[in-house]
Structures are given as C-alpha cells and as structure tokens.
Amino acid sequence: MDDRIPSWSRKKYNLGDLVKVKRQLRELGLHTVCESARCPNIGECFKKPTATFMILGDVCTRRCRFCAVTKGGPAPVDAGEPGRLAVAVEKLGLKHVVITSVTRDDLPDGGAGQFAAVIRVLREQFPTLIIEVLTPDFGGDEESLRLVITAGPHIFNHNLETVPRLYRTVRPQAVYERSLRVLRAAKDMDCRVSTKSGLMAGLGETESEVLAVMEDLRAVGCDLLTIGQYLRPMKENIEVSEYVRPEVFERYAEAGRKMGFIFVASAPFVRSSYNAEEVFAGINANA
Ligand code: SF4
C-alpha cells in the first residue's frame, strides 16, 4: 500500500461481504467492473447488494493507463449474457442496475447490439427497474449509439475520465471531442434520457482544467457528474500525481451545481456508478 495515501483516500472492507455475491456472479458466468477495476467501494456495494455488470467479456481492445482491466484479444459475443444478467438482477433484488463493458473496437457495432439486447430483456422482465448504461465511445459511430438509446436506458453514462491535455498519457486511444459528441448525440437522440459522465482527479490536472471540462459537459447537455480520486489499481498502472483534498472535491460539487448539473457526486471515493441509485434519486428530487 502506497504510504503516501492520506486517511481520506483509504478504505477497508470485510472480505466476507464479497463472498456471497461473488459466488452468485460466478455461478451465472457474469463479470463486474467492480472486481476487474479493483474498486475500493466493492465491500460496501456488494453488501447492499449492488454491482456494476461488465458485459462483452473482461478483455479490452484499448490500453488506458489507469485501468486494471485485462487488455488483448476479446472473446466472441455471448448470446446468453442478457438472460443470465436478468437472473442476477432477480437474485440480487436490484432496483437500479448499471451495465458497462470493455471497449470492443474489434466489433462492427462496438458491442452496441449487446447493450441493446440486455436493456430490452431487463425492461421486459423488470418494468420498474432503473437501467443505467456506462458505455465506451463506439468509435463515435452514431448508428451504434442509436441502437443503445432506442433500447431505452434511463441513464446514458460515458466517462471523459480526465482533462484533454492528459488524454495522450492517460487514455491514448480515446478522443476528448469524440466523447463529448457521444454525450451530445445521446441527448439529441432522446431528451428523456439522463446523460452522465465521470472524471478522475489526481492525475496531474489543474482545478481550472477540471472546471473547463465541466463547462464542456454542460455545453453538451450533460445532467449528472461524478468526480473521484484516482487510485492506482496495480503497479503497472499510471502513478497517482496527487491525493486531492476533500475540500477541492467540495469546490467542484459547488461549481457543478452553479453550472446547472442536476446532480454532482464529488468526493475521494466517488466512482462512475458508486451510489448510482442515490445519484438517480437526485434527479427526481430536483425534478
Ligand atoms: S477502454 Fe475502459 S476497460 Fe478498456 S482499458 Fe480503457 S478504461 Fe479500461
């Protein structure tokens, strides 16, 4: 454990809380980004229980330097995945589900068809379930994006992750403007869908760069924002440049509210789908 990590960025959890959910997930042949990304909140979330399901396998075609997900040649798309995911929602008694995936640049639709299939199965079987998708950029392909949006998620989430100056070092295969276009297009395709994005702090960005990204997100109609502290999942990943102080996260939250975001979750342990249910409740509370 990096002894530079300040108290506000340390979290302990009881491994026992994970066992039951992990066993259920393995029995169903499902992956979670919680496990693949080594999320510090896993103990808390699996205890609820809640989890962020990762479809389209656990091998990514991209090499983001902050990410612990395995990189390489992915497996073929699994047609049984939507059905098994529905069983997991039933077993865990979820009211809000988050579906994410690795990036599949190897597929013509970037995996959008599988997202749509999952959304449709869940909408059919659980009419009151809140469905949030956290997707890749589908290479900026609007027809792929349309497949996902027309399937009817309640929240469309696509992370910018960091500020444009750091893209080359942090997420070299992503394009800042392309990711903004994806969020804009999602809102244009269906204005009832809440759009959401997320940033990591502590990678070397300045406060004014983060505020500029927040302005860009508001300019494309983004409703919800998460900002959390980057923690290095493995020693192969990029180093933490700074453990950002809690008061800086509070300043971002305050600024975000003034910019018109419906809800901003900003604190060291905030992650894209951390407390997703509460974030969505924030919408209704503000409606
Ligand atoms: S695209 Fe997503 S899953 Fe793939 S390496 Fe980047 S962050 Fe990780």
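Rounded to the nearest 0.05, what FRET efficiency do Arg63 and Val175 give with R0 = 22 Å and r taken as the Cβ-Cβ distance? Could you check?
The formula returns an efficiency of 0.90 here.
Averaged over every viewing direction, what's the projected area of the C-alpha convex hull for region 1-131? Give it in nm², one decimal, please.
The number I arrive at for region 1-131 is 9.0 nm².
Given the rule -39500 (n - 2.57) for each run of at least 4 DSSP H residues, summed and divided by the residues of the chain, what is its mean residue ellipticity at 222 nm, to the nearest 500 deg cm²/dmol?
Theoretical 222 nm ellipticity from helices: -12000 deg cm²/dmol.
For region 7-286, what is the percent of antiparallel DSSP beta bridges, rounded to the nearest 5?
The antiparallel proportion sits near 5 percent.
Hey, can you find the accessible area per residue of the chain for me, probe 1.4 Å, expressed in square angstrom?
So the chain comes to 44 Å² accessible per residue, rounded to a whole number.
Based on C-alpha coordinates, I'd like the Rg and Dmax of region 7-286, in Å.
Over region 7-286's Cα set, Rg and Dmax evaluate to 17.4, 47 Å.
By how many nm would the segment from Met234 to Ile5 lengthen if fully extended, with 0.36 nm per residue of separation less the alpha-carbon distance?
Roughly 81.0 nm would be gained on extension.
Sequence gap of 8 or more, or different chains, plus Cα separation below 17 Å: how many lysine pairs satisfy both in the chain?
Step by step, the pairs that qualify in the chain add up to 17.
With a 1.4 Å probe and every protein chain kept in, tell me what percent of the accessible surface of the chain is carbon plus sulfur.
Accessible surface attributable to carbon and sulfur in the chain totals 53 percent.
The values are calculated or read from the model by the stated rules, or taken from the named source; none is laboratory data. In this text the structure is predicted, and so the values were computed from the model without any measurement. Don't worry about glycine lacking a Cβ; one is built from the backbone with ideal geometry, like all the others, and counts go over all protein chains shown. Side chains included, ligands, DNA and RNA excluded: accessible areas come from the protein's heavy atoms. Shrake-Rupley method; radii C 1.70, N 1.55, O 1.52, S 1.80 Å.
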